[in-house]
1. If a residue counts only when it is within 14 Å of chain B (Cβ to nearest Cβ), free of Cβ contacts under 8 Å to residues at least 40 places away in the same chain and charged (D, E, K, R), which helices (runs of 4 or more DSSP H) contained entirely in the stretch A:182-233 have at least 2 such residues?
2. Among the listed residues B:Glu230, B:Glu225, B:Glu189, B:Glu171, which satisfies the condition of being charged (D, E, K, R), at pLDDT 95 or above and touching a helix residue (DSSP H, G or I) at 6+ places or on another chain (Cβ under 8 Å)?
3. Are any residues in the stretch B:30-64 under 12 Å from B:Ala222 (Cα atoms) and at pLDDT below 95, and if so, which ones?
Protein chains: 2
Amino acid sequence: MRLRADLLPQENLSYPDVVLVVDVIRATTTATAFLEAGAASLYLTADLDSARAFRDTDVVLAGEEGGLKPSGFDYGNSPREAREAPVGGKIVVMSTTNGTRTAHLAARSAKYVLLASLYNAHAAARLAHQLATEEVAILCAGKEGRIGLDDVYTAGVLAEFLQIMGSYELEDGALTALTTRRAYPDPLEPLHLSAAAQALRQVGLEADVPFCGQIAVSSAVAVLEGRVGEALIFQRAHWAAQAPAS
Amino acid sequence: MRLRADLLPQENLSYPDVVLVVDVIRATTTATAFLEAGAASLYLTADLDSARAFRDTDVVLAGEEGGLKPSGFDYGNSPREAREAPVGGKIVVMSTTNGTRTAHLAARSAKYVLLASLYNAHAAARLAHQLATEEVAILCAGKEGRIGLDDVYTAGVLAEFLQIMGSYELEDGALTALTTRRAYPDPLEPLHLSAAAQALRQVGLEADVPFCGQIAVSSAVAVLEGRVGEALIFQRAHWAAQAPAS
């Protein structure tokens, strides 16, 4: 089995099998937190206007623009807020700058798309390992076209968990991510150093960083189940707790 | 001063100041080796046909396609061969898959474009430090849209040399590159692990890898001096040996 980490989304890349999309500060952490809070589905739209078009009863809008809640949205992109949000049984429509766009790129070609973070790292790696037949790819969202140390570190944590479960052939990206993971015993260090954390600090949301730095707290994994128009529909996988395949 | 490492070329990125282009296996190592062998100028073209259009007396063509010498070319992309080539006073026109294209991307916006490798790492870092007024960017070529462990490692070596010369503010890419550099005391280890080295092995050119792994052997640095048509003209910088600025 191949283990691949693409540290930035690239238009020309395609994915034959399983993709773990990572935008740890904050989109994929927040998505997982909404599932923990009981959301029935997550709709990921590629832009804010597409999200607004879904407004309805039983629908809440969440996302960010410049790190802050967009106008007319119910929630920002804060995982702390998402975890406590009264979204039981509701559809959460999300749009963020880097994470949801990266999920759309993965969805063009992959067989399975999962949203991964440190918060659900164990469960996401286990599910990826169960589903994969040839390759697990970790696709980091980065930040406006540049790699994020937070995402590279998270890719390394996921790669480490995958290596515990099975025998993987690593390529250059996965080796770089693993090296980065091993260089920082405390996950809060690379997270705090990242450009994503610096941007949060500028808008007073740095308290989201420690939430994003919790490792393997949640067993919820959002998996792509279909589409409605251009939006990707993710739901909580109900089989991540099974025993891993060989 | 900012120190930035972009681990993959991205169409939408721009560079305000100095760029060190890195394609250590093999384009930027080979370019430096041609300068060591006495080449008067290097013309970097974005594709093979543009290179062929320069054929003339006092011009030699060098490059690769699938790792091998393209038809009608005088040389492949081997730094061993380049170092021994009788190119004194000649123009070497180069076209390679990843490296020369990355140089073109940098040349769109940067004030200074330098070709860097392990082979000239000291001299390239020193010249970049002398020239820069706000930012040194290390731009890795990668391999067909995916990062190369060899290039990330080289970026880390350059970043380390730059940090010795002055005080730099590091972003996520530079931190990742430095971490990778520190994880491998022996440069041959990441180079041999890289996809670029694996591709060379498949065409029987693995003996180029140890050449590319020599650190700071050459004081030659190719610096962008102008253009002829679409081709970038690089010449050997004659001031790299000066004392570094503060």
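1. It comes to none.
2. Going through B:Glu230, B:Glu225, B:Glu189, B:Glu171 in turn, just one is charged (D, E, K, R), at pLDDT 95 or above and touching a helix residue (DSSP H, G or I) at 6+ places or on another chain (Cβ under 8 Å): B:Glu171.
3. none
For (1) touching a Lys or Arg at 6+ places or on another chain (Cβ under 6 Å); (2) more than 8 Å from chain A (Cβ to nearest Cβ); (3) among the small types (Gly, Ala, Ser), each residue gets a yes or a no:
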site: B:Thr133; (1), (2), (3): no, yes, no
site: B:Arg146; (1), (2), (3): no, no, no
site: B:Ala155; (1), (2), (3): no, yes, yes
site: B:Phe161; (1), (2), (3): no, yes, no
site: B:Ile164; (1), (2), (3): no, yes, no
site: B:Tyr168; (1), (2), (3): no, yes, no
site: B:Asp172; (1), (2), (3): no, no, no
site: B:Thr176; (1), (2), (3): no, no, no
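The values are calculated or read from the model by the stated rules, or taken from the named source; none is laboratory data. As the structure is a computational prediction, the values presented were derived from the model and not from experiment. Using ideal geometry, Cβ is built from the backbone for each residue, glycine included, and neighbour counts are taken over all protein chains shown.
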